[in-house]
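Encoded as structure tokens, the structure appears first; notes follow it.
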Amino acid sequence: QVQLVESGGGLVQPGGSLRLSCVASGMIFSIYAMGWYRQAPGKQRELIARIINGGSTNYADSVKGRFTISRDNAKNTVYLQMNSLKPEDTAVYYCNADIRVYSSPFYSGYWGQGTQVTVSS
């Protein structure tokens, strides 16, 4: 019923920038929160940024001041602008959203398929 599709990953040098996008599509009635997680090899998946419907945001300490999350509600899209990238930012980045579909009164969590970000010289 719902799909999240990420784009924008790739290889970048340390200090560089990337912008990730995630579009939600399907029988969407409402989206409460959208966020970005990442998972590096051998590590647990971690929340790095989240934005709720009213625009409030929160960030992991490791990315504060370098990453910015934003959202276009009309397009059901969330973005992650990543600046001053470091090798330790290398991971698969996943989009997550709390979505209510037309057939349900409840919100459920949905995941994208992930996009690889590699920071290396």
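Looking at the stretch 77-97, I want the residues that are closer than 13 Å to Leu11 by Cα and have a partner that is modelled with pLDDT of 95 or more and part of a helix (DSSP H, G or I) with Cβ atoms under 9 Å, at least 6 apart or on another chain. Which pairs are those?
As it stands, the answer is Met82/Asp89, since those pairs meet every condition given.
Asn96 - would you say it is open to solvent by 60 Å² or more (accessible area, probe 1.4 Å), polar (S, T, N, Q) and modelled with pLDDT of 95 or more? Talk me through it step by step, then tell me what you get.
Numbers: open to solvent by 60 Å² or more (accessible area, probe 1.4 Å): no; polar (S, T, N, Q): yes; modelled with pLDDT of 95 or more: yes.
So Asn96 fails the test.
Restricting to the stretch 31-71, give me the number of residues that are at pLDDT below 95 and either under 20 Å from Val2 (Cβ atoms) or touching a Leu at 6+ places or on another chain (Cβ under 7 Å) (or both).
Counting residues in the stretch 31-71 that are at pLDDT below 95 and either under 20 Å from Val2 (Cβ atoms) or touching a Leu at 6+ places or on another chain (Cβ under 7 Å) (or both) gives 1.
Which of the residues spanning the stretch 64-93 are open to solvent by 60 Å² or more (accessible area, probe 1.4 Å) and not polar (S, T, N, Q)?
Scanning the stretch 64-93 gives Lys64, Gly65, Ala74, Lys75, Lys86, Pro87, Glu88.
Contact list please: Cβ distance under 6 Å, first residue in the stretch 100-121 and at positive phi, second residue at pLDDT 95 or above and among the β-branched types (Val, Ile, Thr), pairs at least six apart or on different chains.
Gly114/Val92
Is it the case that the stretch 27-41 has a residue that's at positive phi and either open to solvent by 30 Å² or more (accessible area, probe 1.4 Å) or touching a strand residue (DSSP E or B) at 6+ places or on another chain (Cβ under 8 Å) (or both)?
No, because not a single residue in the stretch 27-41 is at positive phi and either open to solvent by 30 Å² or more (accessible area, probe 1.4 Å) or touching a strand residue (DSSP E or B) at 6+ places or on another chain (Cβ under 8 Å) (or both).
Any idea which of Leu20, Leu11, Leu4 is at pLDDT 95 or above, open to solvent by less than 40 Å² (accessible area, probe 1.4 Å) and either within 24 Å of Ser121 (Cβ to Cβ) or among the basic types (Lys, Arg) (or both)? I'd like the intermediate steps shown before the answer.
Details: Leu11 fails: open to solvent by less than 40 Å² (accessible area, probe 1.4 Å); Leu4 fails: either within 24 Å of Ser121 (Cβ to Cβ) or among the basic types (Lys, Arg) (or both).
Checking each option against the conditions leaves just Leu20.
The values are calculated or read from the model by the stated rules, or taken from the named source; none is laboratory data. Treat the numbers as computed from the prediction; the structure is a model and nothing was measured. Virtual Cβ from ideal backbone geometry, glycine too; neighbours counted across all protein chains shown. Ligands, DNA and RNA are stripped out before the accessible areas are found, and what is left, the full protein with its side chains, is counted by its heavy atoms. Shrake-Rupley method; radii C 1.70, N 1.55, O 1.52, S 1.80 Å.
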